[in-house]
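This report concerns only the one structure given below.
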Amino acid sequence: MNRKEIFSLIILILVVSYGAYKYLTREYTEVRSKYILDTIVEISATSKSKNVSSEIEKTFNLIQDFESKFNEYNPESLLAMINSSEEEHFDMDPDLYELLVIADSLWQMTGGSFDPTIKPVWDLWNFGAEEPAIPDSLLILAELEKVDFSRIKYNKERLYKPRGMQITFGAIAKGYILDKAREYMIERHLLKGFINSRSSMTFFGYKISPLVYIQHPRKDDDSIASFKVNNLSIGTSGDYQQYFELDGERYHHILDAHTGLPVQNIFSVTVVSEKAAWADGLCTALFTMDPQEALEKVRAMPNTNTVIYYLQDDAIFSLKTEGMKSLHFNENL
């Protein structure tokens, strides 16, 4: 075999080897969206299998199953049946227990300004109405009598809820469901992916960290900051998500459980954490606190970071943990 033939053989081997490598390492990526969890949820997944779209559909089905359990406005859901029941003692559900533990931690951390029994007061505000109105102050005071998480007793076997009280997981259920969906995707050997439900997001498996933007609280089509994340989850609470305006005042959906009124002078809180449930709930809980106190709480938490936007001297200011720098945080105030 002469030199030219040897060279041609080497080229052939390289071409065949490269082809085999590409075949063995091939990946398929799909992105799908669906209206679920009362919003548009987008799922992206990458797999070595061409059936990746089927895996995404199975993930959506899992999300729907959890939504059916904790949708407080579906009368057939577990949570709605507990809220409407005349009974006071209930068998515990494992997912319900986990949500109660998270809610309990947030309630204690905020001194009760975050309270999952706020539902009777929250319902008075009727934020989805075509003609919203401020509830009568006497009605708010009357419903506040039903708000006190310390009266809820629970363990892994039983739940005690006084008659007339109601529980809402509106601040943490979405994140909890995203955690379960991400775990399912990883168990199905998906290589990387994300779930985006607008106010809650979770990512896994990326070699290059995706860039995430924080919505500007007063500019609908603009962002106020960006950062990069991977194998982490994000939760954002903002006064622009559910609100109405009357006489120049904005009334939004994040209520202080002590007063039954919307929290004042906070625009948005974003939390980055390993678990979406914690990021989801914590951003709402921090929203009900003084910004500096909230920041100090997060500084004491491992693997957790936050950025808080609030009103001071008629301008938007921010507070953020040092760990945001490691996420390549960039701000545009």
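In the range 193-213, the residue that is nearest to the chain's Cα centre (by Cα) out of those that are assigned to a strand (DSSP E or B) and crowded, with 22+ Cβ neighbours inside 10 Å is SER200.
Among the residues that make up the range 136-150, is at least one of them surrounded by fewer than 20 Cβ atoms within 10 Å (Cβ to Cβ), out of contact with any helix residue (DSSP H, G or I) (no Cβ under 7 Å at 6 or more places or on another chain) and within 27 Å of ASN196 (Cβ to Cβ)? Within the range 136-150 (the criterion being surrounded by fewer than 20 Cβ atoms within 10 Å (Cβ to Cβ), out of contact with any helix residue (DSSP H, G or I) (no Cβ under 7 Å at 6 or more places or on another chain) and within 27 Å of ASN196 (Cβ to Cβ)), the answer is no, since none of the residues qualifies.
Which of the residues spanning the range 52-76 are among the charged types (D, E, K, R), farther than 19 Å from ASP93 by Cα and crowded, with 16+ Cβ neighbours inside 10 Å?
Narrowing the range 52-76 to residues among the charged types (D, E, K, R): 55, 57-58, 65, 67, 69, 72, 76.
Cutting the leftovers down to farther than 19 Å from ASP93 by Cα gives us 55, 57-58.
Hit for the range 52-76 is GLU55, nothing else.
Taking the range 266-284 as the range and being assigned to a helix (DSSP H, G or I), under 20 Å from HIS216 (Cα atoms) and touching a Phe, Trp or Tyr at 6+ places or on another chain (Cβ under 9 Å) as the test, the residues that pass are ASP280, THR284. For the range 178-186, the count of residues that are at pLDDT below 95 and surrounded by fewer than 21 Cβ atoms within 10 Å (Cβ to Cβ) is zero. In summary, helices (runs of 4 or more DSSP H) completely within the range 80-192 and bearing 3 or more residues that are in contact (Cβ under 8 Å) with a residue 12 or more places away in the chain and within 24 Å of the chain's Cα centre (by Cα) occur at 94-109, 119-125, 173-187.
Of everything listed in (1) closer than 22 Å to ASP104 by Cβ; (2) of a type outside the set (Gly, Ala, Ser); (3) in contact with a Gly (Cβ under 6 Å, 6 or more places away or on another chain); (4) surrounded by fewer than 23 Cβ atoms within 10 Å (Cβ to Cβ), the single unmet condition for VAL271 is (4).
Just name the residue that is nearest to the chain's Cα centre (by Cα) out of those in the range 236-263 that are under 16 Å from PHE114 (Cα atoms) and in a strand (DSSP E or B). Ranking the qualifying residues of the range 236-263, first place goes to THR236. Can you tell me which of SER33, SER54, SER44, SER49 is modelled with pLDDT under 95 and farther than 30 Å from ILE152 by Cβ? When all the criteria are applied, what remains is SER49. Sub-7 Å Cβ pairs linking a first residue in the range 258-270 that is modelled with pLDDT under 95 to a second residue that is assigned to a loop (DSSP other than H, G, I, E, B) and surrounded by fewer than 18 Cβ atoms within 10 Å (Cβ to Cβ), at least 6 apart or interchain, number zero.
Taking the criterion of being surrounded by fewer than 21 Cβ atoms within 10 Å (Cβ to Cβ) and in contact with a His (Cβ under 8 Å, 6 or more places away or on another chain), the residues of the range 227-247 that qualify are LYS228, TYR240, GLN241, GLN242, TYR243.
Output yes when any residue across the range 164-175 is modelled with pLDDT of 95 or more, out of contact with any Phe, Trp or Tyr (no Cβ under 8 Å at 6 or more places or on another chain) and surrounded by fewer than 14 Cβ atoms within 10 Å (Cβ to Cβ), and no when none is. No, the conditions are met nowhere in the range 164-175. All conditions in (1) surrounded by 15 or more Cβ atoms within 10 Å (Cβ to Cβ); (2) closer than 29 Å to PHE203 by Cα; (3) acidic (Asp, Glu) hold for ASP123, with the sole exception of (2).
For the range 287-305, which positions are assigned to a helix (DSSP H, G or I) and touching a residue at least 24 places away in the same chain (Cβ under 8 Å)?
Matches in the range 287-305: PHE287, PRO291, GLN292, ALA294, LEU295, LYS297, VAL298.
The values are calculated or read from the model by the stated rules, or taken from the named source; none is laboratory data. Model, not experiment: these values are computed from the prediction. For neighbour counting, all protein chains shown are included, and Cβ atoms are generated from backbone atoms with ideal geometry for every residue, glycine included.
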